[in-house]
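For reference, the structure is listed below as structure tokens.
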Amino acid sequence: MKRLFSLFAILTVVAVTLSGCGATPTAAPSGATGKQLVVYMQLGGNQGDPSTLARTNGAKAAAAALNIKLIEQYSGWDSQKMIDQFKEAIAAKPDGIVIMGHPGEDAMGPLVDQAEGMGIVVTSGNNPLPTIEAKYQTKGFGYAGADLYDGGHLTGQAMVAAGLKAGDEALVYDIWHQEGRSVSSQGVYDALVEAGLTVEKLDVTDDIDKDASLAIPVLTAYLQAHPNLKAIGTQHGNLTSTLPKVIEAAGKKAGDIIIGGIDLSPATIDGITKGFISVSFDQVLYLQGYYPVQQVFMTKNYLIPGLHINTGVGTVTPQNIAQIAPLIEQGIR
């Protein structure tokens with residue numbers, strides 16, 4: 001059975017554990033031998049990019065607090081590269097490996113079996129692998145990330161609340177050709193359809209997935225061909241930060257098109273502040289970095305089973321952006 005823990009509960013576990021070990025934020029024991037744990041971690045996009053930075057910072061903070069040697073892996077969101085990186089990590093025989101679920105359970109399952117058979121603690125973040133999680137939960141396989149569908153649905157509802165009505169035309173632009181990448185976007189789509197909007201899906205190509213700026217001419221042309229479009233939704237962090245440029249390139253003003261997106265890059269924050277972006281789903285990437293590293297530590301030292309932690313419980317809008325912006329600038333939110 002999946003276990004849902006509030007932020008308060010998890011932080012309490014960390015505080016009690018570190019207090020009981022006599023640990024400091026920069027040095028924590030790693031079991032009876034005091035050996036430093038080694039953890040390989042898949043972090044998603046490219047190092048330092050808007051949809052990756054806060055996750056990286058969270059992972060580094062956990063590694064520093066728990067005296068873990070962290071080996072960072074960046075894939076540019078390429079599923080095959082994630083598979084290859086998982087194989088490389090297994091070959092290194094570390095104490096723990098943090099994976100992402102984008103390649104799917106058929107691809108990742110045999111590799112998890114192999115790692116678990118070697119005594120490596122495996123856990124996941126950002127994109128879930130529910131069947132694998134259930135199989136290996138007792139051995140520490142957890143999940144730190146959003147409930148993807150619910151997060152997307154929440155985003156779509158917030159878009160409607162921002163001024164959409166039945167009969168309006170909307171577009172949901174995302175990676176529809178990858179099932180694991182489109183769960184959240186399906187939530188956006190369903191929320192808009194439920195509100196009576198006419199909604200079209202447009203697939204994000206692999207080259208645009210890697211370089212969101214390539215979407216500008218694609219969406220500019222789409223807007224020209226659909227003059228009555230009222231909204232654009234996506235659950236792609238780098239695309240979200242690019243959408244204000246699309247609106248400007250199409251000769252439109254802030255607020256002409258209601259935009260719903262995801263994550264909190266500096267460009268996205270600027271877009272929210274200026275009124276281009278009406279809502280962005282906040283999946284708290286920092287925690288998606290921190291908790292999986294902590295999971296490996298807790299399982300390796302205290303046999304704690306995999307915790308299923310929902311980090312995506314809110315949205316950022318023009319109404320609350322001022323409070324959160326300073327933390328985003330620090331690469332924490």
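Points worth noting:
- Mean shadow area of the range 178-308 over all directions, Cα convex hull, nm²: 9.6
- Based on Cα contacts under 8 Å between residues 6+ apart, the chain shows a relative contact order of 22 percent.
- For Thr205 and Asp113, a Förster radius of 41 Å and the Cβ-Cβ distance give a FRET efficiency of 0.80, rounded to the nearest 0.05.
- The range 103-171, relative contact order [Cα under 8 Å, separation at least 6], %: 25
- Over all pairs of different C-alpha atoms, the range 81-180 has a mean inverse distance whose reciprocal, the Kirkwood radius, equals 15.5 Å.
- Compared with the direct C-alpha span, the chain from Ile71 to Val313 gains 84.3 nm at full extension, assuming 0.36 nm per residue.
- A 1.4 Å probe, protein heavy atoms only, puts the accessible area of Lys245 near 120 Å².
- Only Lys, Arg (+1) and Asp, Glu (-1) charged, at Cβ; the range 174-333 dipole about Cα centre in debye: 340
- Gaussian network model of the chain, Cα within-10 Å springs - most flexible of Ala212, Ala62, Ala91: Ala91
- Take every Cα pair under 8 Å whose residues are at least 6 apart in sequence, average their separation, divide by the length of the range 160-280, and the relative contact order is 25 percent.
- In straight-distance terms, cross-link reach from Lys210 covers every one of the aspartates and glutamates whose alpha-carbon lies under 14 Å from its own, apart from those fewer than eight places away in the same chain; here that gives Asp49, Asp78, Asp174.
- Spatially close Lys pairs in the range 48-193, defined by Cα atoms under 30 Å apart and a spacing of eight or more places or different chains, total 18.
The values are calculated or read from the model by the stated rules, or taken from the named source; none is laboratory data. Every value quoted in this text rests on a predicted model; they were computed, and no experiment measured them. A quick note on method: Cβ atoms are made from the backbone with ideal geometry, for glycine too, and the neighbour counts reach across all protein chains shown. Only protein heavy atoms, including side chains, enter the accessible area calculation; ligands, DNA and RNA are left aside. Shrake-Rupley method; radii C 1.70, N 1.55, O 1.52, S 1.80 Å.
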